[in-house]
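Enquirer: I have a structure here, written as structure tokens, and I will follow up with some questions on it.
The values are calculated or read from the model by the stated rules, or taken from the named source; none is laboratory data. Bear in mind the structure is a predicted one, so any value in this text is a computation, not a measurement. Note that each Cβ is placed from the backbone with ideal geometry, even for glycine, and that neighbours are counted across all protein chains shown. All accessible areas refer to the heavy atoms of the entire protein, side chains included, with ligands and DNA or RNA removed. Shrake-Rupley method; radii C 1.70, N 1.55, O 1.52, S 1.80 Å.
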Amino acid sequence: MTSAPRHKHLDEMRPWNDQVQVLECVAVLPETRDVMTFSFQTPDESWFRYHPGQFITLELPMPGGPMLRTYTLSSSPSRPLSVTVTVKAQAGSMASRWMFDNVREGVRLKAYGPAGIFTFHNHPADRYLFISAGSGITPMMSMTRWLYDYARHTDIKFIHCARSPSDIIFRAELERMAARVNDIDLAWIVERADPFDAWTGYKGRINSLMLELIASDYHEREIFCCGPAVFMQAVRDILNAAGFDMTHYHEESFSAPLAEELGPVGAEDVIPEEGKGARVVFATSGLEAACTETDTILQVAKGLGLNIPSACQFGVCGTCKTKKISGEVHMVHNGGIRDDEVEEGYILACCSKPIGRVEVEA
């Protein structure tokens with residue numbers, strides 16, 4: 001007889017770090033007709049430490065070569081023995097479709113992270129308003145699970161928009177949580193009802209009247225929003241028209257921001273000059289190349305055939321985090337790297353431009 005595995009306490013296990021790791025799929029759960037949840041553990045039984053709302057980047061071994069894709073964790077760090085990503089098979093999405101067809105129990109994938117700043121840990125408040133659409137519900141689910149497990153009273157208004165009632169991801173679990181505490185108030189908005197099934201909830205697209213009816217005190221709440229770009233724009237338009245203080249509004253997008261939305265340039269910043277020469281030395285591989293100050297470290301690496309893992313390529317996911325040994329770069333990121341990591345000398349290769357001669361570990 002094979003002996004059963006001994007279950008360890010957390011203090012017997014190592015924490016998962018934010019370097020590249022291998023994750024092993026331990027469960028696959030269908031959520032809706034085009035959404036699946038994949039649960040992972042580490043082969044060395046590490047426990048998971050991250051902030052609710054953060055994401056990881058998975059390296060998918062697809063036929064045409066490895067592809068990196070970023071997925072928000074739908075699990076909560078209050079349940080640290082596994083992590084889950086909840087994936088929607090978007091039309092034309094090769095990566096998500098590959099996940100559906102190939103990831104089963106026992107499949108192992110490389111993972112980078114966790115990373116991201118879209119979490120209420122950065123914006124503590126007594127009252128929150130979570131607004132999501134489609135798979136944008138995943139970071140909201142992670143944060144709601146955490147607040148539910150934390151068991152302190154935190155007032156949550158939770159609005160989710162879907163095509164139909166049967167497309168509402170996590171509906172049963174959210175309604176179970178809301179039935180056991182008074183702090184979670186759910187509101188579903190669907191575009192259409194399911195055939196042969198009565199629907200008495202909101203119908204249509206989110207608008208200012210719905211927002212007033214669902215959360216009349218939204219001006220006093222910290223708002224987190226996630227979903228398709230057009231959806232988040234609609235929410236921003238509603239809030240701006242109502243005079244909402246947008247310093248209390250936070251959204252997550254894995255689409256490249258417009259140039260004018262990048263962070264302000266400080267007076268002390270050295271701005272790359274168009275056409276001015278620079279040089280990047282990759283110390284680990286022994287390669288180096290001349291370039292211009294407007295090239296990114298990642299572009300120079302690719303030009304040499306050097307693979308620095310990267311995914312979003314606009315400073316959000318943190319996959320291309322690299323140690324700078326010497327020299328200066330101009331880096332404009334979108335939350336993919338922490339201040340303490342910058343102080344330790346790390347940069348994001350995708351959004352760092354060399355000023356003069358720069359040496360990096362790669």
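Enquirer: Could you state the number of Å between the C-alpha centres of region 180-196 and region 54-92?
Expert: 26 Å
Enquirer: Another one. Per residue, how much accessible area does the chain show when a 1.4 Å probe rolls over the protein heavy atoms, in square angstrom?
Expert: Value returned for the chain: 51 Å² of accessible area per residue.
Enquirer: Per residue of region 202-210, in order, report the coupling 6.51 cos²θ - 1.76 cosθ + 1.60 (Karplus, θ = phi - 60°) as ³J(HN,Hα) in whole Hz, putting x for Gly and Pro.
Expert: 5, 9, x, 10, 4, 8, 5, 5, 4
Enquirer: Could you state how much accessible area Leu213 has, in square angstrom rounded to the nearest 10, with a 1.4 Å probe and all protein chains kept in place?
Expert: Approximately 110 Å² of Leu213 is accessible to the 1.4 Å probe.
Enquirer: Restricting attention to the alpha-carbon atoms of the chain, what are Rg (one decimal) and Dmax (integer), both in Å?
Expert: So, for the chain, Rg and Dmax equal 22.1, 71 Å respectively.
Enquirer: Pulled fully out, how much extra length does the chain show between His153 and Asp101, if you take 0.36 nm times their separation in residues and subtract their Cα-Cα distance?
Expert: Stretched out fully, the His153 to Asp101 stretch lengthens by 14.6 nm.
Enquirer: Sort largest first and round to whole Å: the equivalent ellipsoid semi-axes of region 138-227, each the square root of five times a Cα gyration tensor eigenvalue.
Expert: 22, 17, 12
Enquirer: Which residues' amide hydrogens lie under 5 Å from the amide hydrogen of His330, considering only partners 5 or more residues apart or on another chain, with H built in the peptide plane?
Expert: Lys353, Ile355
Enquirer: Taking θ as phi - 60°, what are the ³J(HN,Hα) couplings along region 347-362 by the Karplus curve (6.51, -1.76, 1.60), each to the nearest whole Hz, with x for Gly and Pro?
Expert: In residue order, the calculated couplings are 9, 9, 4, 6, 10, 10, 10, x, 10, x, 8, 10, 10, 10, 8, 6 Hz.
Enquirer: Where is the GNM fluctuation largest for the chain (alpha-carbon springs, 10 angstrom cutoff): Ser74, Ser352, Ser93?
Expert: Ser93
Enquirer: Lys pairs in the chain, Cα-Cα under 25 Å, at least 8 apart or on separate chains: how many?
Expert: 21
Enquirer: Using a 7 Å offset from the Cα along the Cα-to-Cβ direction at both Ala91 and Lys8, what is the distance between the two label points in nm, to one decimal?
Expert: 4.7 nm
Enquirer: With the cut-off at 1.5 for a/c, could you classify region 53-114 from its C-alpha gyration tensor as rounded, prolate or oblate?
Expert: Judged from the Cα gyration tensor, region 53-114 comes out prolate (a/c at least 1.5, a/b above b/c).
Enquirer: Could you please state how large a percent of the accessible area of the chain is carbon and sulfur, counting protein chains only and using a 1.4 Å probe?
Expert: Percent of accessible area from carbon and sulfur atoms in the chain: 50.
Enquirer: Tell me which residues come under 5 Å, amide H to amide H, from Ile189 once H is placed; ignore anything under 5 positions away on its chain.
Expert: For Ile189, the qualifying residues are His160, Cys161, Ala162.
Enquirer: Using mean Cβ contacts within 10 Å as the protection proxy, how do 304-315, 193-204, 97-108 order, highest first?
Expert: Most protected by this proxy first, the peptides run 304-315, 97-108, 193-204.
Enquirer: Compute the long axis of helix 171-180 from its Cα atoms, compare it with the longest principal axis of the Cα atoms of the chain, and write down the angle in degrees, 0 to 90, nearest 10.
Expert: 70 degrees
Enquirer: Let me ask something else about it. In square angstrom, rounded to the nearest 10, how much accessible surface does Glu212 have for a 1.4 Å probe?
Expert: Result for Glu212: roughly 80 Å² accessible.
Enquirer: Moving to a separate point now. If DNA, RNA and ligands are ignored and the probe is 1.4 Å, what is the ranking of Thr292, Thr284, Thr72 by accessible area, most exposed first?
Expert: Highest to lowest solvent-accessible surface, that is Thr284, Thr292, Thr72.
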